[in-house]
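The values are calculated or read from the model by the stated rules, or taken from the named source; none is laboratory data. Fair warning: this is a prediction, and the values are worked out from it, not measured in the lab. Here Cβ is always computed from backbone atoms with ideal geometry, including for glycine, and neighbour counts include all displayed protein chains.
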Amino acid sequence: MRIVKGRHPPGTAPGTLPSQDAAAGPVRARIITFDAAEISDANLLDPEGLEAVRDGLSAWLDIEGHDVQLIAALGSRLEVHPLALEDVLHVGQRPKIEDYEESLFMVLDHFSTTADGDLEKEQISLVLQPGLVLSVRERASELFAPVRQRLEGGRGRIRTSGAGYLAYALIDTVIDHVFPVLEGIGDTLEELEASILENPTSDDLGSLHEVKRRLLLLRKSMWPLRDMLRNHILLESPLFEPETRLFLRDAADHATIAVDIIETYREMVASLNDLYLTNISIRANEIMKVLTVIATIFIPLSFIAGVYGMNFDPAAGPWNMPELAWPWGYPMALAVMALVACGLVIFIWRRRWL
């Protein structure tokens, strides 16, 4: 599970940006300008590229990777608050929304499942200004490819509803990616339930704890995201058209559904944990029952064998185990043991103790 957090040393001034990480991956930056009639797409590795934005066009600046110098330059050019830029570059922020007068700053968490089944978390930062959306991701991905395709195809209202609707489309895309992750967790829980009912093992308990950790991480992100989408700052901001606010409420409903699923799965994990402990206890009781029955059968047999294992001499007196001198003494002892054992088995079976 990939969770990265960035922190300044204690006492650092607010708004201080981190130094450039030499190990950071490649950075891709694009600027898409559009309106109902036209759309253009270009690289944006220089803040001077903002000059291409003409009046009347909406712009989307999409940055993949954390190039501190580029983000700082764009932030200065767009007059993004230093505290917002600090939160962009310091990942691990709690999903939130902040109002900086002429712009809104939002933080979201994007979750995905890697090829080996691990859960991966990525911070998505959005800055919404009149006619402009700035999105910053930790690394290159195809997360927003469907939104670009909708822009290029001109389908729906995304080209005609301005930057506010584009910001909603990006938020909705991030929320939609949570549901495949939850579906995978649901499938895992079904498999664990079948395994625990059939033959619980210690691996099942480890898998339950891993699912619990994933659900806790999802819960810590989806709860504040739901609250953010219900925030009056978002729903009453003039940066969103009244029609777009209806879509934001729909996104809030989707986040609420995700939270409900997470809570349901958390209850299932607790129930499966109890079921695992119960089945382990039942198995231990069954084993102890079988061992007790075996011990009960062999106690009288051990008594008989112990009695005839005493080394008394029958020739010394009439009471010194005269049966030891019988020709059929050994078969008789075995027969008595067999009868006692069979009698105990029948008795235990009739009492339904086994």
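Going by the conditions given, is Ala325 among the small types (Gly, Ala, Ser) and either at pLDDT 90 or above or within 57 Å of the chain's Cα centre (by Cα) (or both)?
no
Output the qualifying pairs, or none if there are none: Cβ atoms under 8 angstrom, residues six or more apart or on different chains, first residue in region 171-186 and farther than 14 Å from Thr113 by Cβ and at pLDDT below 95, second residue of a type in the set (Ser, Thr, Tyr) and assigned to a helix (DSSP H, G or I).
none
So the check is Cβ under 7 Å with 6+ separation or different chains; which pairs have a first residue in region 314-325 that's more than 17 Å from Ile304 (Cβ to Cβ) and a second one that's surrounded by 13 or more Cβ atoms within 10 Å (Cβ to Cβ) and aliphatic (A, V, I, L, M)?
These pairs meet every condition: Pro314/Met321; Pro314/Leu324.
Just one of Leu229, Leu291, Leu301, Leu239 is within 30 Å of Leu182 (Cα to Cα) and either surrounded by 15 or more Cβ atoms within 10 Å (Cβ to Cβ) or hydrophobic (A, V, I, L, M, F, W, C) (or both); which is it?
Leu229
Taking into account only those residues within region 194-218 that are touching a residue at least 24 places away in the same chain (Cβ under 8 Å) and out of contact with any helix residue (DSSP H, G or I) (no Cβ under 9 Å at 6 or more places or on another chain), which is surrounded by the most Cβ atoms within 10 Å (Cβ to Cβ)?
Leu217
Which one of Ala42, Ala59, Ala36 is in a strand (DSSP E or B), at pLDDT below 85 and in the same structural domain as Ala163 (by TED's automatic domain parsing)?
Criteria check complete, one pass: Ala42.
Among the candidates Pro331, Pro327, Pro318, which residue alone is assigned to a helix (DSSP H, G or I), surrounded by fewer than 13 Cβ atoms within 10 Å (Cβ to Cβ) and either touching a helix residue (DSSP H, G or I) at 6+ places or on another chain (Cβ under 8 Å) or not assigned by TED's automatic domain parsing to the domain that holds Ser195 (or both)?
After ruling out the rest, the residue left standing is Pro331.
Only helices (runs of 4 or more DSSP H) wholly contained in region 122-202 count here; list those with 1 or more residues that are under 22 Å from the mean Cα position of the chain (by Cα) and of a type in the set (D, E, K, R).
Hits in region 122-202: 162-176, 178-198.
Kindly establish whether Gly309 is without any contact (Cβ under 8 Å) to a residue 12 or more places away in the chain and not in a helix (DSSP H, G or I).
So Gly309 fits the description; yes.
May I ask you to say which residue of Thr292, Thr264, Thr256, Thr244 is part of a helix (DSSP H, G or I) and outside the structural domain of Gly92 (by TED's automatic domain parsing)?
Residue meeting the stated conditions: Thr292.
Mind counting the residues in region 201-247 that are touching a Leu at 6+ places or on another chain (Cβ under 8 Å) and hydrophobic (A, V, I, L, M, F, W, C)?
12
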